[in-house]
Amino acid sequence: MPAARLEVERLAAGYGSVGILSDISFAVPAGGRLTLLGRNGVGKTTLLATLMGLTTHKGGTVRIGDRDVTGLKTFARAAAGFGYVPQTRDIFRSLTVEENLFTGLKGRPRTELDEVYAMFPRLAERRNHGGMQLSGGEQQMLSLARTLLGKPQVLLLDEPLEGLAPVICDQLMETIVKLARSGEMTVVLVEQQIERALDFAADVMVIERGRIVWSGQAPQLRADRELVDTLLGVGIG
Amino acid sequence: MATLSVTSAPQSAAAGLRNDLIAAAVIAVVGAIGYFVFPDDLAFLIRVIGLAFLVISLDLVTGYCGVATLGHAALFGVGAYAAGNVCLAGVTDPILMLLTGVIAGTATGLMSGLLVTRFRGLPQLVLSIAFGQLVAALANKLSSITGGSDGLAGIAPGPVFGVFNFDMFGRTGYIFSVIVLLVTMVTLLRFSRSPFALMCRAIKDDTLRARMIGVAVYPRLVVMYCVAGAVAGLGGALTAINTGVVGLDSVGFERSAEALIMLILGGAGNLWGALIGAILFELFHHYVSAASPFHWMILIGLLLIVVVLFFPKGLVNEVTRRIGDLRQRRAAR
């Protein structure tokens, strides 16, 4: 499946009776790259979870391409084209690396695995290891690789670099950038490392208390340190 | 012991085929040993094989899908009653009787699965017990088709393939049972390596994560329950063919609970664990209850505590893991 446009309109959501997000509207063109920025606890993760149908929907719509997926359950959204790599980088613990990857295939032939092994040679080396025997970075690679095997139209990445060694961050980010630039999928990235995030994205959106408070182009934000300070409370290092 | 690592072995087709052949050979050899070394205990061994089907079936839902159930004997018992009834109605061909058991077991698995897999945790456990008790109560009440508390007697299957008659020593019955077990086991080992079974294990690990990669969880669990029902029904039918009687105990709560104990003993999530657990439990039961008719339950309790304390993942899984560790250490040297 080729990349698809992601369109969110007046989305509101929360957990149970608690509302967290309100009036979220944005669109990412097919093959586009969007970064979500914001301080801790402002609703970035909740926004990705809402796109996957994991929260309580309170209004608004989500579209992939021409398809309205708002009413769909989580598994159906995944089938409709979303690929989600959550912050917790959960992998199936009792399965080996290779078995974990098989679960991401969605019925396509097993030879497709070679593609991700080429992308992550480390996983090829550890293909028969159990999920629990992997380091944090390897788990993150596995989680990402499994999602990529599903050929998502829209890839949602929630802080993929959190807690990883800088050298692994570089490798992983390089892979993600390559993927995004290829135009094969639309990518939405949540990332705390602002410098890397701005390198990655064309478009940036800043969230504050569940609302979009700023959106624009990455260079624009990079050039305006004062704005960054106001919005995010940190300078670019 | 190479066969014991089938679930974690590399997944190439050639390795899979080799594992299947080894599995078939192991069952055939162990079966032959049983036949020649214990010619007077064939009835007992036949009973063990019948129960093994129930435990293997339980493993498919509990070990592979993480479904907690204490009502699994219902699937076994309904298969047994169905096979008994068609035999009494005149269909005495053993293969057709097995087929009837499979169909009845699958149907019961479907009903049970639709109900039980809708929930998780305690509600699931309670529902499984309720379903099991319901079937047990029906078996007691519907005496016209189950014989009630007297049991369904007079089941006299015809010869296998019209040639091999069931004899009073259980020789035909034993060989027939071993062959059915062998075929079932090899089929299920293949099945356990399929993407479907893999996804079931993924669901057991993390249901939410499975949903996030696009898996519709409920339908898969129901399908797995149907497969488990087929296997349990097959075991029930086999037991009915061999013993000629189906009693209320075959659907009872105690049978369900014992099957779970056998599974924990051998190791859930591993088909060999289920098979070996059933054999070990029944052997222990057989010899200990003969030696000490009044205290064997105490000893079984103690055995279980020891196993859970020292082999929390079951005997087979633990032994496989240690062999794996040993190999790794040797390879590292």
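Coordinate-derived values only; no laboratory data. Computed from a predicted structure; not experimentally measured. Positions of Cβ are generated from backbone atoms using ideal geometry, with glycine treated the same way; all protein chains shown enter the neighbour counts.
With the contact rule set at Cα under 8 Å and sequence spacing of 6 or more, what percent relative contact order holds for region B:12-249?
40 percent
In percent, how large is the relative contact order of region A:6-232, given Cα pairs closer than 8 Å and 6 or more residues apart?
For region A:6-232, the relative contact order is 29 percent.
What is the distance, in nm, between label points placed 7 Å from the Cα along the Cα-to-Cβ direction at B:ASP41 and at B:LEU110?
Reported label-point gap for B:ASP41 and B:LEU110 is 4.1 nm.
When the Cα centres of region B:38-53 and region B:129-189 are compared, how far apart do they sit, in Å?
If we compute the Cα centre of each part, the gap is 13 Å.
Just tell me how shielded B:213-224 is by partners: mean number of partner chain Cβ atoms within 10 Å of each residue's Cβ, no decimals.
4
Please report Rg over Rh for the protein assembly as shown, where both radii come from the alpha carbon positions and Rh follows the Kirkwood definition.
Reported Rg/Rh (Cα atoms, Kirkwood Rh): 1.07.
Can you tell me the convex hull volume per residue for region B:1-150, based on C-alpha atoms, in Å³ to the nearest whole number?
Working: hull volume 24.1 nm³, N = 150.
So the per-residue Cα hull volume is 161 Å³.
Comparing A:GLY216, A:GLY107, A:GLY183, which has the greatest mean-square fluctuation in the GNM of chain A with Cα pairs linked when under 10 Å apart?
Among A:GLY216, A:GLY107, A:GLY183, the largest GNM mean-square fluctuation belongs to A:GLY107.
Using r as the Cβ-Cβ distance of A:TYR15 and B:ALA290, and R0 as 45 Å, what FRET efficiency do you calculate, to the nearest 0.05? Intermediate results must be reported in sequence, preceding the final value.
On the way: r = 60 Å, r/R0 = 1.32.
Using R0 = 45 Å, I get an efficiency of 0.15.
Using a 7 Å offset from Cα along Cα-Cβ at A:ALA30, what residues in region A:159-202 end up with backbone N under 13 Å from the label point?
The answer is A:183-186, whose backbone nitrogens lie closer than 13 Å to the label point.
Once phi is turned into θ = phi - 60°, what whole-Hz ³J(HN,Hα) does the Karplus curve with 6.51, -1.76 and 1.60 give for every residue of region B:265-271, x standing for Gly and Pro?
Per-residue couplings from phi come out as 4, x, x, 6, x, 9, 5 Hz.
So if a site counts as exposed when it's one of the chymotrypsin sites (Phe, Trp or Tyr not before Pro), its DSSP state isn't H, G, I, E or B, and it has at most 13 other Cβ atoms within 10 Å, what's the longest stretch of chain B without one?
Within chain B, the longest run free of exposed chymotrypsin sites (Phe, Trp or Tyr not before Pro) spans B:1-160.
What is the order of B:ILE203, B:ILE33, fewest Cβ neighbours within 10 Å to most?
Fewest to most other Cβ atoms nearby, the residues stand as B:ILE33, B:ILE203.
In square nanometres, what is one fourth of the surface area of the convex hull spanned by the alpha carbons of region B:12-249?
Working: hull surface 54.2 nm².
If I average the Cα hull's projected area over directions, I get 13.5 nm².
Considering chain A as a Gaussian network with a 10 Å cut-off on Cα pairs, which listed residue, A:ALA145, A:ALA197, A:ALA165, attains the greatest mean-square fluctuation?
A:ALA165
Work out the FRET efficiency for B:ASP249 and B:PHE196 from their Cβ-Cβ distance, taking R0 = 45 Å, and round it to the nearest 0.05.
Working from the Cβ atoms, E equals 0.85.
Within region A:23-57, find all residues whose amide N lies under 18 Å from a label point positioned 7 Å from the Cα of B:LEU208 along Cα-to-beta-carbon.
A:41-57
Pairs of Cα atoms under 8 Å, at least six residues apart: use those to get the relative contact order of region A:91-193, whole percent.
Averaging sequence separation for qualifying contacts and normalising by length gives 30 percent for region A:91-193.
Find out how many positive minus negative residues lie around B:LEU110, taking Lys and Arg as positive, Asp and Glu as negative, among other residues whose Cβ is under 14 Å from that of B:LEU110.
Neighbourhood net charge equals +2.
Which order do A:ARG209, A:ARG146, A:ARG126 fall in if you start with the one that has the fewest other Cβ atoms within 10 Å?
The fewest-first ordering by Cβ neighbours comes to A:ARG209, A:ARG126, A:ARG146.
So for B:ASP167, A:ASP224, fewest C-beta neighbours within 10 Å to most, what's the order?
So the residues, fewest neighbours to most, are B:ASP167, A:ASP224.
Evaluate the charge dipole of region B:207-328 about its Cα centre and quote only its size in Debye, nearest 20, assuming +1 on the Cβ of each Lys and Arg and -1 on the Cβ of each Asp and Glu.
Rounded to the nearest 20 debye, it is 620 debye.
Taking only Cα atoms of region A:6-232, what ratio of Rg to Rh do you get with Rh as the Kirkwood inverse-distance radius?
Ratio value, two decimals: 0.96.
When the Karplus curve 6.51 cos²θ - 1.76 cosθ + 1.60 is applied with θ = phi - 60°, which whole-Hz ³J(HN,Hα) does each residue of region B:129-145 get, with x for Gly and Pro?
5, 4, 4, x, 5, 4, 5, 4, 5, 4, 4, 6, 7, 7, 5, 5, 10
So what is the orientation-averaged projected area of region A:92-163, using the convex hull of its C-alpha atoms, in nm²?
One quarter of the hull surface, i.e. the mean projection, equals 4.7 nm².
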